[in-house]
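Asks: Before we start, here is the structure in question, set down as structure tokens.
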Amino acid sequence: MIVYTELNEYIKQTNAVVTVGTFDGLHRGHLQIMETMKSIARGINGKSVVVTFHPHPRSVISQNFDLKILTSFNEKKRILENIGIDELIVLNFTKEFSQLTSDQFIKNYLVDKFGAVHMVVGHDHKFGKDRLGDEVKLRELGKIYNFDVTAVPPENNNGEIISSTKIRNALYEGDVEKANLLLGRNYTFTGIVIKGAQRGRVLGFPTANLKLDDINKAIPKKVFTLFLAVAKKNLISVL
């Protein structure tokens, strides 16, 4: 997978199948969007292109932003590469960028810069300053700029629509099993093992003290750590 963090480095595709979003968590619903995009790209001998944002848009446009993320940028990159996405474009989300209307974003970025011939969107996706960049708007402009649109229905778990918010809430409630079920994989975070107060010696069993790689990650209400052999490398994953 090729990763672009600078727009001037991107080479416009002729058959780009594009999806846009923050994709926090890359949960089962997001992965269904990715699989749909990959399938369409294969059918037209095109490229699957994911467009995402950094930092999180809400951290720029919302006051007192304190939302904890489910996936760091490196985690997103690793997951997208593992599932076979061709290209990842990371747009710097700034105050100025946030003022783009949906029409401007679609025309100036998706069409002119990225060469989208097909857009794949989730059932509730909206973008642009006016929040009008949804399936209806895309189909309307698709007729003008000659691109197709596919909307992917929501992924459900026992009748409950999967979302990043529901996964985050499950973690905060300490229900890691539910969070893992909605994600489609184990929730993880990483850090460096550091020296602590050595209370484990008093308690009678070893403990691992972690300095998290990303302090903005959502942490489950109750976390039980396993000090595995991998900790010898000063890197441990906590589930």
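Okay, residues lined up against (1) closer than 26 Å to residue 41 by Cα; (2) outside the structural domain of residue 8 (by TED's automatic domain parsing); (3) exposed (fewer than 14 other Cβ atoms within 10 Å of the Cβ); (4) at pLDDT 95 or above:
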{"position": "119", "(1), (2), (3), (4)": "yes, no, no, yes"}
{"position": "127", "(1), (2), (3), (4)": "yes, no, no, no"}
{"position": "135", "(1), (2), (3), (4)": "yes, no, no, no"}
{"position": "144", "(1), (2), (3), (4)": "yes, no, yes, yes"}
{"position": "149", "(1), (2), (3), (4)": "yes, no, no, yes"}
{"position": "169", "(1), (2), (3), (4)": "no, yes, no, no"}
{"position": "209", "(1), (2), (3), (4)": "no, yes, no, no"}
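Asks: For the stretch 59-99, which residues satisfy the criterion of being farther than 21 Å from residue 47 by Cα, surrounded by 14 or more Cβ atoms within 10 Å (Cβ to Cβ) and not hydrophobic (A, V, I, L, M, F, W, C)?
Replies: The answer is 59, 68, 71, 72, 75.
Asks: Considering only residues of the stretch 154-167 that are touching a residue at least 60 places away in the same chain (Cβ under 8 Å) and assigned to a loop (DSSP other than H, G, I, E, B), which is surrounded by the most Cβ atoms within 10 Å (Cβ to Cβ)?
Replies: Ranking the candidates gives 162 first.
Asks: Further, regarding this structure: Does any residue of the stretch 89-96 turn out to be in contact (Cβ under 8 Å) with a residue 24 or more places away in the chain, charged (D, E, K, R) and under 21 Å from residue 26 (Cβ atoms)?
Replies: no
The values are calculated or read from the model by the stated rules, or taken from the named source; none is laboratory data. What you see is a predicted model; the values in this text were computed from it and never measured. Methodologically, a virtual Cβ is constructed for each residue, glycine included, from the backbone with ideal geometry; neighbour enumeration extends over all protein chains shown.
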